[in-house]
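K.L.:
Shown below is the structure under consideration.
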Amino acid sequence: MVHSAERYAAWRDDSLREARRRPRVEPVDELELQAQWFAGAFGSVFKTTAGQEVRIVQFGVWNRESGPDFAEAAVSIDGGPAQRGCIELDPDARDWEHHGHASNPAYESVVLHVFTRRGTAEFFTRTLDHRSVPQVLLDLDTAEGEFALTPPAAKPGRCSGPLRELAPEKVREILLTAGRYRLQRKAYTLARMQEVHGTDEALYQAVASALGYKSNKLPFLLLAQRLPLSILGKHKAQIAGLLFGVSGFLNEADLRNFAPETRCYIRDVWDQWWPKRAELERLRLQSDLWSLGGQRPANHPQRRLGALVQIAEQWPKLGPIFRAGDAKRLKQFFHELADPYWSHHYTLTSKASARSLALVGETRVVDMLANIFFPLVVSEDPERWSEYVTLRAPLSNRRAEVAALRLLGDATTRAELLGVVAAQQGLLQVYEDFCLQDATDCAQCRFPEQLAKW
């Protein structure tokens, strides 16, 4: 029997025409719709509800966490220059309001709102600052091709081919060089902070920011700036009350709603905060600065704040370890760091954990080594670079994985390079310097050509 592609194509077209006469069954859920969109099943050129032509220059990165669905995208309106930003994709146009996107600062960067249906009334997509966002009503019947429900978060870039052809040691060399450049930039930032605040305050602010991870860096930095060590050192018995009070996590809720151990903890912290409340109320952080969802329970900011309390109380021990450049003692300090309450709780409302929880996990310790400790010590002693190169990453982060996908594609060395902190940092540096500066979907990116000159 002859296996004719033309015969199959004709059969397929007849089947599709018949299927389109029947009522359309929408994707089973929003995840499937996003997967189709990201796979390019609907194409890349659309019309807005206002009649403008929209071309998706870059589909960006599929965001699996809180915030807009696709970050770092680029769209062109009516042939104009590509606009970088985020794309939000909803089943219904009114989901923008129903899900609170209009009042959420995280959606200020949205440059396109895509949806598959809308009501009879006209609906406009507007951001918190009342900027109108172009809308695209997606026709589900235009979807073509196969797609996966869990495709990679990003697509390989044009540079992944040339990088794949280079010898593994050459790729490693390039990434380590970029990683060293990144280390020097971090050292420069720390040096500037030291000039302004002094060494201990600069390190304390950097550690606080690291505890905030990516979602809560700013509020943790503000806490460290508003309650520096110079102030906390004068109120050693009230550090927990001051930090929790200024954070805004203390309120006058009925303590009867809490478990007994939490009632005792909150009452003790509140008693520390109360005498200073009137004096420090003006420093209190706004509640909308905190990101409370979309993260692992162990990373909840209340728990991270419990760790910061212990760090501030024990700074006379931690500060000298940083300044001495002793990585082993630094790891040991954080391994032993504990708190009677927070070593067994995720939040103020969670049930107690039977097992003891690390206040600062290994991944966060490695993050501090990479972003604070080694930039400091290598700037003072360049020979310590060889020690930094041996630092292993217990886990990669989503940003690094996206960078590796864009730059390395499916290269067999990808996992190995992600396991080396210096190479991981190099991936992030190249990604930020080239991928995030390009809005042409690699067409005008100079990195592939630069590789040939290496």
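K.L.:
Given a Förster radius of 56 Å and the C-beta distance between ALA358 and GLU97 as r, what FRET efficiency does 1/(1 + (r/R0)^6) yield to the nearest 0.05? Kindly include the intermediate steps, with their values, before the conclusion.
P.N.:
Details: r = 41 Å, r/R0 = 0.73.
The formula returns an efficiency of 0.85 here.
K.L.:
Taking only the Cα atoms of the stretch 287-407, how large is their convex hull per residue, in Å³?
P.N.:
Cα convex hull per residue, to the nearest whole number: 153 Å³.
K.L.:
Taking the alpha carbon gyration tensor of the stretch 390-454, what are the square roots of 5 times its eigenvalues, largest first, to the nearest whole Å?
P.N.:
22, 12, 11
K.L.:
On to the next question. Taking amide hydrogens as modeled 1.01 Å from N in the peptide plane, which residues meet the under 5 Å criterion relative to ASN63, leaving out close sequence neighbours?
P.N.:
Long-range HN contacts for ASN63: PHE70, ALA71.
K.L.:
Pop the C-beta distance of ARG399 and CYS264 into the FRET formula with R0 = 35 Å and round what comes out to the nearest 0.05. Each step should come with its number before you reach the end.
P.N.:
Numbers: r = 40 Å, r/R0 = 1.13.
Working from the Cβ atoms, E equals 0.30.
K.L.:
Then there's this: Place a label point 7 angstrom from the Cα of TRP454 along the Cα-to-Cβ direction, then list the residues of the stretch 388-409 whose backbone nitrogen is under 13 Å away.
P.N.:
Hits in the stretch 388-409 for TRP454 at 13 Å: 407-409.
K.L.:
What's the local net charge at TYR265, with K and R +1, D and E -1, over the other residues with C-beta under 13 Å away? Working shown, then result.
P.N.:
On the way: positive: ARG263, ARG267, ARG303; negative: GLU261, ASP268, ASP271, ASP339.
Result for the neighbourhood of TYR265: -1.
K.L.:
If you don't mind, another one. Test of understanding: what is the full-extension gain from ASP271 to LYS47, defined as 0.36 nm times their sequence separation minus their Cα-Cα distance?
P.N.:
74.6 nm
K.L.:
7 Å from Cα along Cα→Cβ at both GLN332 and ARG131: what's the point-to-point distance in nm?
P.N.:
That separation, rounded to one decimal, is 5.1 nm.
K.L.:
Still on this structure, please answer the following. Could you give the dipole magnitude of the chain about its Cα centre, charging the beta-carbon of Lys and Arg +1 and that of Asp and Glu -1, in debye to the nearest 20?
P.N.:
My answer is approximately 1020 debye.
K.L.:
Quick one: net charge around PHE333, please, counting Lys, Arg +1 and Asp, Glu -1 for every other residue with C-beta under 12 Å from its C-beta. Write down the numbers at each step before the final one.
P.N.:
Values: positive: LYS317, LYS328, ARG329, LYS331; negative: ASP326, GLU336.
After counting each charged neighbour, the total is +2.
K.L.:
Here are a few candidate values for Cα Rg over 2.2 N^0.38 Å: (i) 1.43; (ii) 1.19; (iii) 1.15. Which one was actually calculated from the structure I just gave you?
P.N.:
(iii)
K.L.:
To the nearest 500 deg cm²/dmol, what mean residue ellipticity at 222 nm is calculated for the chain from DSSP H runs of n ≥ 4 alone, each contributing -39,500 (n - 2.57), summed and divided by the residues?
P.N.:
When only DSSP H runs of four or more count, the value is -14000 deg cm²/dmol.
K.L.:
Any idea what angle helix 260-280 forms with the longest principal axis of the chain, computed on alpha-carbon atoms, 0 to 90 degrees, nearest 10?
P.N.:
The angle comes out near 80 degrees.
K.L.:
While we're on this one: If you plug each phi of the stretch 32-40 into the Karplus form 6.51 cos²θ - 1.76 cosθ + 1.60 with θ = phi - 60°, what whole-Hz ³J(HN,Hα) values come out, in order, with x for Gly and Pro?
P.N.:
Karplus values, whole Hz, x for Gly and Pro: 5, 4, 5, 5, 4, 4, 5, 6, x.
K.L.:
Dipole magnitude of the stretch 359-454 about its Cα centre, charges +1 at Lys/Arg Cβ and -1 at Asp/Glu Cβ only, in debye to the nearest 20?
P.N.:
The calculated dipole for the stretch 359-454 is roughly 180 debye.
K.L.:
Here's another thing I want to ask about it. Which cross-chain or sequence-distant (5 or more) residues have an amide H under 5 Å from the amide H of HIS344, H modelled 1.01 Å from N in plane?
P.N.:
Result for HIS344 returns LEU357.
K.L.:
Residue by residue, what Karplus-based ³J(HN,Hα) values in Hz, rounded to whole numbers, does the stretch 446-454 have, using 6.51, -1.76 and 1.60 with θ = phi - 60° and x for Gly and Pro?
P.N.:
8, 4, x, 5, 5, 4, 5, 8, 5
K.L.:
If Lys and Arg each add +1 and Asp and Glu each add -1, what is the summed charge of the other residues whose beta carbon sits under 12 Å from the beta carbon of VAL207?
P.N.:
Around VAL207, the charge tally is 0.
K.L.:
Residue by residue, what Karplus-based ³J(HN,Hα) values in Hz, rounded to whole numbers, does the stretch 184-189 have, using 6.51, -1.76 and 1.60 with θ = phi - 60° and x for Gly and Pro?
P.N.:
So the Karplus estimates, Gly and Pro as x, are 5, 5, 5, 5, 5, 4 Hz.
K.L.:
Which one, PRO448, LEU285, PRO228, is farthest towards the positive end of the dipole of the chain when Lys and Arg carry +1 and Asp and Glu -1 on their Cβ?
P.N.:
About the Cα centre, the residue reaching furthest to the positive side is PRO228.
K.L.:
Please list the non-local residues whose amide H lies under 5 Å from the amide H of PHE42, H modeled 1.01 Å from N, same-chain partners needing a gap of 5 or more.
P.N.:
GLU144
K.L.:
Hey, another quick one. When the dipole is taken about the Cα centre of the stretch 21-142, and only Lys, Arg (+1) and Asp, Glu (-1) are charged at their Cβ, what size is it in debye, to the nearest 20?
P.N.:
340 debye
K.L.:
Here's a follow-up. Among the listed pairs LYS236/LYS317; LYS276/LYS317; LYS214/LYS331; LYS186/LYS234; LYS186/LYS328, which are separated by more than 24 Å between their Cα atoms? Working shown, then result.
P.N.:
Numbers: LYS236/LYS317 14 Å; LYS276/LYS317 26 Å; LYS214/LYS331 21 Å; LYS186/LYS234 30 Å; LYS186/LYS328 21 Å.
Result: LYS276/LYS317; LYS186/LYS234 exceed 24 Å.
K.L.:
Can you tell me the FRET efficiency between ARG118 and LEU31 if r is taken as the Cβ-Cβ distance and R0 is 30 Å, rounded to the nearest 0.05?
P.N.:
0.90
K.L.:
When N counts the residues of the stretch 21-142, how does its alpha-carbon radius of gyration compare numerically with 2.2 N^0.38 Å, as a ratio?
P.N.:
0.99
K.L.:
If you look at just the Cα atoms of the stretch 199-371, how large are its Rg and its Dmax in Å?
P.N.:
Considering the stretch 199-371 through its Cα atoms, Rg and Dmax are 15.4, 47 Å.
Read-outs: derived from the displayed coordinates by stated rules, not from any lab. What you see is a predicted model; the values in this text were computed from it and never measured. Note: ideal-geometry Cβ built from the backbone for every residue, glycine included; neighbour counts use all protein chains shown.
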